[in-house]
């Protein structure tokens, strides 16, 4: 049987609507991109990759590099040191990319250019060359293959980098960047010039979706705390001044780049990447946005959508001789554990043995586990016996 | 057995740290509040309510009314009509609560005062009295009991409502509010003067967490689309200029009020409310913020935290005579369905019958369902038979 | 002989170019104004009045009332008390008429609406009625006749005064305005509704030009210090966001109103008023601006134009027997007095009497006078005699 | 006799109050300045120079170079071309020196750093070296001696020029500056590093005061139109965010520099310069501001102060046989000419000859002259004869 998922993705591309907008034109390499290129890739947290369209075409990663270099700076220096230099608040202002705190010079967040230049400057290394090697290595590990820089894109960008040079120097004047601001500027432009395709980007996003562990290599590339912070900042600041709009319509952490790339990460599920060069006035890919809206709708990806209710976790509670058997099933989180406890509170077992049958339980999270341990102890304190049927060691393994 | 959950909440209160900050002092009723009051309530989407501390004390709801009246306006007029008057973008600016688009006068979002006044003005009704009746009825249905207005608070607020009157008149000058702006202003101040306790607030939040359906009455109070939008806006704009900070540290949609109340909603799980009158400089309850940070950490509530991985959804795949039995379990979403399909794609069944055994499956979402239906058809097309063992009608019921 | 001055003014009107722009349309009374009305009036500091065109037509004074009510507030409370509530800095921002200091709420200057409402609120009086009586009396004394309010204009403005009511309430929230903000608002709208014609306005401007003394009545209506401050603020803030443009092109303190009126004051010379209802995008009368540009050019009114150099103030210095006669003439200010002193320093008189012949001196200012007194004493100290020929008592009278 | 003017200036220094504030400390050369240095110089439009205190000490000119380089750009390119790149409006904002139009990138005015860098970039020349030669030559001609650059100051400034480099690059990104923005940046820093003393600065200011003609050399260094524009911009923008305050308190066009220098120009009278290194929070010399306040008060320099009224310009009007003699005196401007004309209009001469005796007239300006010519013609038209007694050729020379 052939998997229907690639067919679905192909259908999404077929129906993502008439294109409009304009390619980025500030450098010849982007202005000359084939505007009809179109691709989408979905990578699951278990490492499967599905694609449709032009997902092997390499383009410069541009602003999609921002969350990853921010992650590297957080890994290198820790949250407090990075927070002291870069805030995590949405800037609100569209036209004013400068967005520095007027007193401290701290950029509003790491998703705007100023914040991204600052983040590049925070990556540790012996010298600018070493620092960039570390960036390229980090991004390559996320992509799962060795990436390279498009030197022509880099040179083009550097030849007219006036606005970003202004930002780098403003940051230097506030000591947000130290040393020669040209180093952070060049490092930032180089990171934006890394060549990626849709598959790379989907895998990078899937790493964020799986909490920082690479779906295929199994390597923890990003620390859990850092990963959470990066996704949080993508949620509130990833789509510039359209952040609120994106949150209401699509509802997943995302980041776009002027080369027409767009990534999104749904925690615990998938990383998604799209590519289509024409941009809307916010600088986001026109068809990319539509692809994400469609996927969000079809796949129930919106984070504000409550999960579809399952059967009650309490499969049954019945008396077997001296035993009161409580049979659970499915995923047990707080509200499921609570339901079980409530039953024991309202209709207590008087005597004998309470049996928790977990053989149909799929997973159990920390807070539910803590509740069960406490319940276990309380039942013993009430003079009852407790037995746990746990053939798959769900309970044991979680301890 | 006594439930350990209230004990846990009591312990959280005991350990939420030394208090600091100042009570709101712009009206005597808030300035005179007992500053040591402290309470927390958690309501599950299945209707259980747990409390600790002063959860019966009634205070004015203040800004926590904002997401609910915004929801009512959305229910009344639809998304497009409300969007035309109120944007959904974080404003970024702390000090400048005015935050109107300089050209159109559209407030940045419905969580700042200007946006909330506009939202009140959009609620339909025959006259100001009828409009407020509808607001009070709506909020009461969310709380699950008939609420009332604290007329003294209302009168106090109205006696020095200068800044909000300024906002109402600015909105009127831009035709964001129509008619007499004093109507929207009074309506807004009255909605802020509704008396609630922590239990009410937890139940209101739990309704949002359950997608708009009241956990106890089972009534759909808020439409699914509207509910999603309200939670989205709370995520990016609910904590004023500390939105980014809250998102990184706590990671759930939330809203605070100057009376010291604070609510949060974790989709599919719980609504939480806390109460402690002393406020930090952002206007958020000092101990309330700490309570939420603790609960988020303990209960794994942060939306950017991937769910704890369960066992593989594919419990087993084995040959029984002419049958290839594929035994699934747990919660089946996209990435789980994908894993099953991948197996069938990579190691196809050559002949006979494919049996999907769903008897241990807890829930299955839309996208997974679509995938299974498609797989079902493709297997038939490949000349195989398909049998579904689904004693609990998980598959059927979802269709 | 008929004076050529009215002919000149008529010619200026004839040649002030094709009209364009739009009448103010926020109230029917202004929207219905005859757009072709055109008038100009020039009043000298000695009380002569020259006019051309429609200078008897009465219109509401609108924002031209602002400098005068600011003057009254300064007279009532003194500079420090008024400065504490209203700053004197140009706001720069065009679109954002709010222009309040975000921390203190102090308006940028008294020429924007917020500052003008604040100024109205500072005028002293027993009650709102009395306060307005004092405003009307003050403006009437400046105009030289009893003025009245156009009640229809007042009612129209009040029926849609939302933006200004917003400003009044913002000011009240910052305690810039005290009491009921509606009082300052109504007072401000009433002051804008006072009916004036071009002659009135020219006379009001001429009073400012003569340092605060009414050219005809001789009454000191505005204190000298207050008058200077009012003219200073008109210079930097009188033409909204076109202040710099006006300063470079016209170069005199001025104020415009949306009814199409425009005044300017050239210290020591004239007050000028024009009237033409069509406005440019800044809200200034299109033909009014052209009339002022023409008058400034023709009459050498630009304050940055140095006065035409006269003959040397030292008419002659010659020996008559034992006397060294120093014959002065014309206007003696610092640089003229300095020239005389320099001569005495470089080529000292050895003996006998120094005679200062002032019979051809027209005026002598304070600093020149101080210099001459000091010179007088030093010559005596050097053992010389000094004689002053001053048939018109220029020297004596200035003492 | 020794001139009392230097004594007066020495007394002003003695009484300019206790010093406070801090030296600029961004470069060692300024941080190490002797903070007790204090000097003042006054140059008249006729070329006299008076000094007190440390007026020979050379310091870098810093921002006082701005109006002069702006003047040179205006001379080179004309008003329209310069206006297209640099506006003339006060920026209002203190903290935000960036002050570029968000759409066009045009700096608010040439007195802020961004505008000054843009002005430097507009000076014509074959290459950066030639352009700076022209700047240095221009400023030297204004000072009346060959000035030189302090290379140490230049190098220090360049070693930490981050903020200004940011501005230069922002300007380049908007095509306000063309070519390499480093050229305009270096040119600007070099112009700020020119060494001047108080005497130089007083002479430069006196050239502006005399309409652009150097008081000693008699050379026209600045065109009349350009000179007027430069003084206008100094009036509204010369003292940063304290422009309104300076206008109300001192009332003359001025410019300050962080080395502690301060210049002012009173059209037709004097140029003034002071020097004292300690600065107030606006960046203006603390004692310098006090010196100017004192001089303005003592010398009647405030532009909004009407000139002291002189005797009536109409000395007498009397019949001598067939002649009606009208004897004028003093300075004749519009309001004086008008007074004469009014007399002839109200009490016409019936027959014979009208004699204008101008032998006591000191100066007559253009508009007065035009009036007299017109009157002359009208009297002839009325059938009268006209005779002009003008022994000093005031009337003739002005024609």
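Between 0 and 90 degrees, the angle of helix A:113-122 with respect to the longest Cα principal axis of chain A falls at about 80 degrees. Per-residue shielding of D:239-245, expressed as the average number of other chain Cβ atoms within 10 Å of the residue Cβ, stands at 4. Among A:199, A:370, A:255, the largest mean-square fluctuation in a Gaussian network model of chain A, built with springs joining Cα atoms closer than 10 Å, belongs to A:370. Structural descriptor for region A:314-394: relative contact order 34 percent, calculated from alpha carbon pairs under 8 angstrom and at least 6 residues apart. Counting Cα-Cα pairs of region D:2-43 in 10 Å increments starting at 0 gives whole-percent bin shares of 23, 39, 27, 10, 1.
Sorting B:126-139, C:119-132 by their mean Cβ neighbour count within 10 Å, with the most densely packed peptide first, gives C:119-132, B:126-139. Counting only other chain Cβ atoms within 10 Å of each residue's Cβ, the peptide B:334-343 averages 6.
Backbone N atoms of region D:372-389 closer than 13 Å to the 7 Å Cα→Cβ label point of residue D:320 belong to residues D:387-389.
Distances between copies of residue C:56, taken at a point 7 Å out from Cα along the Cα→Cβ vector and listed shortest first: 7.2, 8.4, 9.2 nm.
Residue and distance for the chain A Cβ closest to the axis that moves A onto D, in whole Å, come to A:166, 2. The GNM of chain D, with springs linking C-alpha atoms under 10 angstrom apart, assigns the highest mean-square fluctuation among D:373, D:220, D:106 to D:373. When chain B is treated as a Gaussian network with alpha carbon springs shorter than 10 Å, the biggest mean-square fluctuation among B:40, B:69, B:161 belongs to B:161. Helix D:286-299 and the long axis of chain D differ in direction by around 0°, with both axes built from C-alpha atoms. Note that the protein assembly as shown carries a Kirkwood radius of 37.9 Å, evaluated over its alpha carbons pair by pair. Relative to the longest principal axis of the Cα atoms of chain C, the long axis of helix C:181-192 lies at roughly 70 degrees. Under the criterion of Cα pairs below 8 Å and six or more residues apart, the relative contact order for region D:172-310 equals 20 percent.
Summarising the label geometry, the points placed 7 Å from Cα in the beta-carbon direction at residue A:79 and residue B:77 lie 3.9 nm from one another. Remark: mean inter-chain Cβ contacts per residue of C:159-172 equal 6, using a 10 Å Cβ-Cβ cutoff to other protein chain atoms.
Across the identical copies, the 7 Å label point of residue D:383, projected outward along Cα→Cβ, sits 7.0, 13.2, 14.2 nm from its counterparts, in ascending order. Entry for region D:314-398 at q = 0.12, 0.13, 0.14 Å⁻¹: log10 I(q)/I(0) = -0.30, -0.35, -0.41, Debye formula applied to identical alpha-carbon scatterers, no solvent contribution. Relative protection proxy for C:234-247, B:347-360, C:263-276, from highest mean packing down: C:263-276, C:234-247, B:347-360 (other beta-carbon atoms within 10 angstrom). Placing a label point 7 Å from the Cα of residue B:318 along the Cα-to-Cβ direction, the distances to the matching points in the other copies come to 2.4, 13.8, 14.0 nm, shortest first.
For q values of 0.10 Å⁻¹, compute log₁₀ I(q)/I(0) with the Debye formula on a Cα-only model of chain C, without solvent. Log10 I(q)/I(0), no solvent term: -0.71.
Here, each number is a calculation from the coordinates, and none is a lab measurement. These figures come from a predicted structure and were not determined experimentally. FYI the Cβ positions are ideal-geometry reconstructions off the backbone, even for glycines, and counts take in every protein chain you see.
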